[in-house]
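Structure first, commentary second.
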4 protein chains.
Amino acid sequence: MAIKHSFLDDYSEGADPRILKVLEDTNLAQEIGYGNDRLSHEAVRLIKRRLRAQHVDVHFVSGGTQANLIALAAMLKPYESVIAVSSAHINIHEAGAVEATGHKINAVEGTDGKLTPAAIQRTVAQHTDEHMVKPRAVFVSQATELGTVYSKAELGEILKTCRRAGLYLYLDGARLGSAIVSKASDLNFADLPLLTDIFYIGGTKNGALLGEALVIVNPVLKENFRFYLKQHGALLAKNRVLGAQFVALFKDGRYLDLARHANLLAAKLSEGIKTSGYGFLSPPTTNQIFPILPDAVIDRLRRKYGFHVWAPAGDGHSVIRLVTSWATKEKAVEEFLRDLPRA
Amino acid sequence: MAIKHSFLDDYSEGADPRILKVLEDTNLAQEIGYGNDRLSHEAVRLIKRRLRAQHVDVHFVSGGTQANLIALAAMLKPYESVIAVSSAHINIHEAGAVEATGHKINAVEGTDGKLTPAAIQRTVAQHTDEHMVKPRAVFVSQATELGTVYSKAELGEILKTCRRAGLYLYLDGARLGSAIVSKASDLNFADLPLLTDIFYIGGTKNGALLGEALVIVNPVLKENFRFYLKQHGALLAKNRVLGAQFVALFKDGRYLDLARHANLLAAKLSEGIKTSGYGFLSPPTTNQIFPILPDAVIDRLRRKYGFHVWAPAGDGHSVIRLVTSWATKEKAVEEFLRDLPRA
Amino acid sequence: MAIKHSFLDDYSEGADPRILKVLEDTNLAQEIGYGNDRLSHEAVRLIKRRLRAQHVDVHFVSGGTQANLIALAAMLKPYESVIAVSSAHINIHEAGAVEATGHKINAVEGTDGKLTPAAIQRTVAQHTDEHMVKPRAVFVSQATELGTVYSKAELGEILKTCRRAGLYLYLDGARLGSAIVSKASDLNFADLPLLTDIFYIGGTKNGALLGEALVIVNPVLKENFRFYLKQHGALLAKNRVLGAQFVALFKDGRYLDLARHANLLAAKLSEGIKTSGYGFLSPPTTNQIFPILPDAVIDRLRRKYGFHVWAPAGDGHSVIRLVTSWATKEKAVEEFLRDLPRA
Amino acid sequence: MAIKHSFLDDYSEGADPRILKVLEDTNLAQEIGYGNDRLSHEAVRLIKRRLRAQHVDVHFVSGGTQANLIALAAMLKPYESVIAVSSAHINIHEAGAVEATGHKINAVEGTDGKLTPAAIQRTVAQHTDEHMVKPRAVFVSQATELGTVYSKAELGEILKTCRRAGLYLYLDGARLGSAIVSKASDLNFADLPLLTDIFYIGGTKNGALLGEALVIVNPVLKENFRFYLKQHGALLAKNRVLGAQFVALFKDGRYLDLARHANLLAAKLSEGIKTSGYGFLSPPTTNQIFPILPDAVIDRLRRKYGFHVWAPAGDGHSVIRLVTSWATKEKAVEEFLRDLPRA
């Protein structure tokens, strides 16, 4: 039997149909290339309004690795490094993209996938002279690789640590929508320009065909940023394609609606799994959840559902990762729960 | 009065509507990410068939600068360089993307924007030891930055020169469609796998929303190529978006049809301009043409038409660049010719 | 009172006087530049003889960081990484030199500063696809940053692991002399061409003014290596200066004699320290030893002796690092031991 | 018959014997590593005094390519480029060292090997947006690759052009001594801190074993410069070796005395060659001269003298390059002139 429902990731489908609609409706209008089109301008206007921040710069890029490598290339001098948890996307899953631009990642242990002020301070304290790299930026993800989220207070503490140590704070928002609508975090759109130097709002994993919106808050980082985009092949001739999608996502709150759908179904999944008597690797709070199931059960479920087996959990059990998205069907969740035997 | 018709470039519109249709039709099917989806596989199949080459590898990237920088990064060791004409896109218009990956471009003078075997040989002969870089690749564009094209024989001579000197031959096909249907060149799709080591088929400038198809012929260059894509942020989670577009472009000859439309209108433009008594910088053969007009005429035309003023031509004249595309309207061409006074 | 004797490092003095003598004796002979001089050729001949390996290539560079960054740049493709213990010089004390050439270091925990086959295997197993870097080299130091040494069997096991996993093995021999004459290791000069792909013999820390001899065993790594030297500014016009020194070091066994002197005095120091009732962080076996002393004792010793306080050891104690060299005076060791109170 | 006298270059011998003497005299004093030794400090003091500039920073590196690549790496952001004449050392003879740090060289035509303000202005004017690199530094050599020199007024004009365009001015002084004592230039040591942002004083080609003194004038470029040194492997553990040599060169005017010897013998050579009836590629003014001789004469001279054949000059003639140094013997010059037949 073929896989019937995929919980593999949040990019298995195309785009929210209303996004395709905007692409269609604007398709034949002649626009200036490379981001100076009316669609990109309108998207920037809508995002600034949502962030309640007129002073930020917004640029669109096609994916998350591209956003990360370009933002860090623009932040760091050749001898400067970025601090991140060892499970961070930039440290593990970007094929050395940051190192390829010449920079070391100071990987430190996290707590539930989250970076702590203490780990930042310790890393800064260890780097004392020119025989070592000089930490200059901090990388956090909201939500993290483990599906957890920072609260406003937690991110505020990290920012304070950064300010004291002269570090930029960069936030990877590949799954920012899911984090914002999560009940576990009180951190909203309008907090981000106050609590970071630069961040991105993920489109690819929240209903767009492709595209992320890089938001630069710190004026030092704004200067000549488009050169970095061009140099890394990120400046699309038809940037309108990214602009149009963010217009569709931000003109009426759709961005968070799509994330809400994902979280709702993830919550339904995790409730059902708990009810059936199973535990989790980390508290399920966003659209990625990590239940611990018996290997025999996992083997059976795999025949019908797509998901990643994350790590062995001992005693004949493993952690699996289930991801829901704007496109996940309620029926898929219900079937999964029906097919899951009680512990 | 606002600009009424733009001849600025071939990426002013969105996509050929039939491309949007494929995106729509396949939108909700669940697919594997990062290029392992059925749409990308089908696009690869169609492209290989069109090239009459089963042994090539095909990868999709989002833009031309990205294609160029990744292809060259994969071809060159740290001390190796690429030979190109000084007007080449990689030398002037990519913000130092190739140098940012660590490589020197040996820029040489071209003839009508084209590289010659003699210039390649001379450059190789000048690089004799480890105090200098070691040329290892040759970069050509088909069509070139000046709208000219290589014939099959010309490219064959360049390949022979490359083979003798141990150089890879890379062809930038941002405007490959226009070159193939040009009456000035006998070089077809099926010739490219025989006459290059690696090349790309441009989508962005020929009717796609975005996307270029990199085709690797030389087996040495195939190995681990996806690592380069990922490291430079070019591996899209929803690679299906690129796959679907190339399916639409290659399933029934549409790719060349779109280019034919562009060339037809460019030819109409150049015929009319000639008839009105004006000359050209280089023979008009593809969808970019470079007429030489009096500055007063140019000033008047600019109020109504978008185009670039390319270079001063002396005596109160300048070269302008007019670009047509798959989306250019016949009416726009007719109006332009009507508005052009006789010389 | 000023510092009277320094145990800070093994590069506090100039050069063994017999090295200066060779520089003087050959000073006015006219020689070809950039390594093609008779002194460099003679040094290469002597080193090959000592290694009992005619098939290796030998290049001279001015320092250890330079040796490491160039060797790794020559070994690794852009997406490839090097595995090292987290205490490795390349990971901590080279200001991100390896990352600046574009490569990630996969830092793993060591045992007494030494890398284990298990850690290598684990790292290779974790790197499964193009979303991650691809480990391609292993970095070890002999002696290690903690003064410990690999035995012939241990290095043989590491090599076997490398061979199975398709990894190059690189050995940093900044303190190779001290390791070879150490009683704790049976690994000799002639073993190195059999047990590594590339390594360097350190001159700076063993009596030379400056200079390290990079020895390339694996033929794949030999090709065009001088381009890497030149590109990183390591090809000295008067390479003879390095050649002459290695002639002096290798013409009659002086290299190991100088190291023997350093080890002898380190052993005398560690014996005395043990006799006085103190322990060590790691077993003292080379010219770097790490005794654990009470902080009050350390404070008193610091007024007269130069050394680094390495790390807190709890309970009012700290680890200090004492380094001896070819130039350390017996008198300095005796005074130190006299000034050290019994535990 | 073997080569009897070499005019190949100015680094065929070791060091001025008085330099070796300082190395010997200071050899066994214990010093702090990495540039914090008393010799390096004294050398810095002497150089500042000679430059009549207390506010500059001075760092020592082992060679010219290293000086150039590090200075430019510290000056340029990733998207910024450096303007130089196409015959510049960085453009031809450093194996792509500057590109390897990620930067494009904007190569322009020079006049007698010298850069002109007009060429700088033109290059800046051509670079208008983020599709191109952004010129940010200008590279000049004093003396140039063709043995010519800038006057104070010429360098002043270049500086003025740089200031207006927001460019740093960097001067490569590999042969600075010869330029300063040349009768063709009025540019002295004390002018350099007023007319450049950063420059280096060459040791290798003027009597040192190795070593160049990088002098940073512009405060913006001083910050964290040692990180760049370390990252590129240029921070020598025994930096004292460089310090001691510059002490010997600068404590009593020896630096210029050595250069004067070289220029005197070059002048004697060129006078004799002129008297014999031959012309030159460029006016002979420093220690590199470029006479044009018949090929048959060249062939005969080559059996006895070392020199480079620079370029064909037509009509059975070629340009050769003759280089004198601090160590060239008067006898060698006299013999050469005796062996040169009249035209």
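Every number in this text was worked out from the coordinates using simple rules, so none of it is lab data. In this text the structure is predicted, and so the values were computed from the model without any measurement. As a convention, Cβ positions derive from the backbone with ideal geometry for all residues, glycine included, and neighbour counts pool all protein chains shown.
Of B:His232, D:His317, the sequence from fewest to most neighbouring Cβ atoms within 10 angstrom is D:His317, B:His232. Residue by residue along B:19-28, Cβ atoms of other protein chains within 10 Å of the local Cβ number 4 on average.
Put in order of Cβ neighbour count within 10 Å, fewest first, the listed residues D:Thr324, C:Thr285 become C:Thr285, D:Thr324. Listed by chain and number, the lysines placed with their C-alpha closer than 28 angstrom to that of A:Lys274 are A:Lys4, A:Lys114, A:Lys152, A:Lys183, A:Lys205, A:Lys304, A:Lys329, A:Lys331; residues fewer than eight positions away on the same chain are left out. Under 14 Å of direct C-alpha separation, and excluding same-chain neighbours fewer than eight residues apart, A:Lys222 reaches these aspartates and glutamates: A:Asp57, A:Asp197, D:Glu130.
Gain in length, C:Thr128 to C:Asp257, computed as 0.36 nm per residue apart minus the alpha-carbon separation, to one decimal in nm? Don't skip to the answer; put the middle values down first.
Working: separation 129, 0.36 × 129 = 46.44 nm, distance 4.69 nm.
Full extension from C:Thr128 to C:Asp257 adds 41.7 nm.
Taking amide hydrogens as placed 1.01 Å from N in the peptide plane, the amide H of C:Trp310 sits under 5 Å from those of C:Val319, C:Ile320, C:Arg321, each at least 5 positions away in sequence or on another chain.
With the convex hull constructed from alpha-carbon coordinates only, the stretch D:145-303 shows a mean projected area of 12.2 nm² over all directions.
Label points for B:Leu337 are taken 7 Å from Cα along Cα→Cβ. From this copy to the others they lie 6.8, 7.7, 10.3 nm apart, shortest first. Here r is the Cβ-Cβ distance between B:Lys160 and B:Leu264 and R0 is 25 Å; the resulting FRET efficiency, rounded to 0.05, is 0.15. Sorted shortest first, the distances from the A:Asp295 label point to those of the same residue in the other copies are 5.0, 7.9, 8.1 nm; each point sits 7 Å from Cα along Cα-to-Cβ. Between A:Glu223 and D:Arg45, the simple label model (points 7 Å from Cα in the Cβ direction) yields a spacing of 3.7 nm. Distances between every pair of Cα atoms in the protein assembly as shown, grouped in 20 Å steps from 0 to the bin holding the largest one, split as 10, 35, 36, 17, 2, 0 percent. Length gained on full extension, A:Asp299 to A:Asp186: 36.9 nm, using 0.36 nm per residue less the C-alpha separation. Take the Cα of A:Lys152, step 7 Å toward its Cβ, do the same at B:Asp339, and the gap between the two points is 5.4 nm.
For peptide B:30-39, compute the average count of partner chain beta-carbon atoms within 10 Å of each residue's beta-carbon. Each step should come with its number before you reach the end.
Working: counts 14, 5, 7, 6, 5, 1, 0, 1, 0, 1.
The per-residue average across the peptide is 4.
Per-residue ellipticity at 222 nm computed for chain A from its helices equals -11500 deg cm²/dmol, with DSSP H segments shorter than 4 residues left out and the rest contributing -39,500 (n - 2.57).
Nearest-5 percent of antiparallel DSSP beta bridges in the stretch A:27-175? Write down the numbers at each step before the final one.
Values: 1 of 14 bridges.
Percentage antiparallel, nearest 5: 5.
Could you work out how far the C-alpha centroid of the stretch D:64-107 sits from that of the stretch B:7-64, in angstrom? The stretch D:64-107 and the stretch B:7-64 have Cα centres spaced 39 Å from each other.
Shielding of peptide B:59-66 by partners, expressed as the average count of other chain Cβ atoms within 10 Å per residue Cβ, is 5. Using the Cβ of D:Ala97 as centre and a radius below 11 Å, the other residues enclosed give a net charge of 0, where K and R count +1 and D and E count -1.
Chain A versus the axis that turns it onto chain C: the residue with the nearest Cβ and the distance in whole Å amount to A:Glu99, 2. Separation of the stretch C:286-308 and the stretch A:221-253, taken as the distance between their Cα centroids, equals 58 angstrom. Placing a label point 7 Å from Cα along the Cα-to-Cβ axis, C:Gly279 is separated from the same position in the other copies by 3.5, 8.6, 9.2 nm, shortest listed first.
Three principal axis extents describe the C-alpha atoms of the stretch B:194-278; from largest down they are 54, 28, 25 Å.
Working from label points 7 Å from Cα in the Cα-to-Cβ sense, the A:Glu271 to A:Ala311 distance is 2.9 nm.
Would you please state the base-10 log of I(q)/I(0) at q = 0.07, 0.13, 0.14 1/Å for chain A, with intensities from the Debye formula using one equal scatterer on every alpha carbon? Log10 of I(q)/I(0), two decimals: -0.30, -1.00, -1.14.
Among DSSP bridges having both ends in the protein assembly as shown, what percentage is antiparallel? Round to the nearest 5.
Working: 90 of 164 bridges.
Given both bridge residues lie in the protein assembly as shown, the antiparallel proportion sits at roughly 55 percent.
Can you tell which of A:Ser325, A:Ala311, A:Pro341 lies farthest toward the positive end of the dipole of the stretch A:294-343, using +1 and -1 charges on the Cβ of basic and acidic side chains (Lys, Arg; Asp, Glu)? Projecting each Cα onto the dipole axis, the largest value belongs to A:Ser325.
Distant-in-sequence amide contacts of A:Ile83, defined by a placed amide H-H separation under 5 Å and a gap of 5 or more residues or a different chain, comprise A:Asn106, A:Arg136, A:Ala137, A:Val138, A:Phe139. Peptide packing: for B:80-89, D:327-336, B:174-183, the average count of neighbouring Cβ atoms within 10 Å per residue gives the ranking B:174-183, B:80-89, D:327-336, highest mean first.
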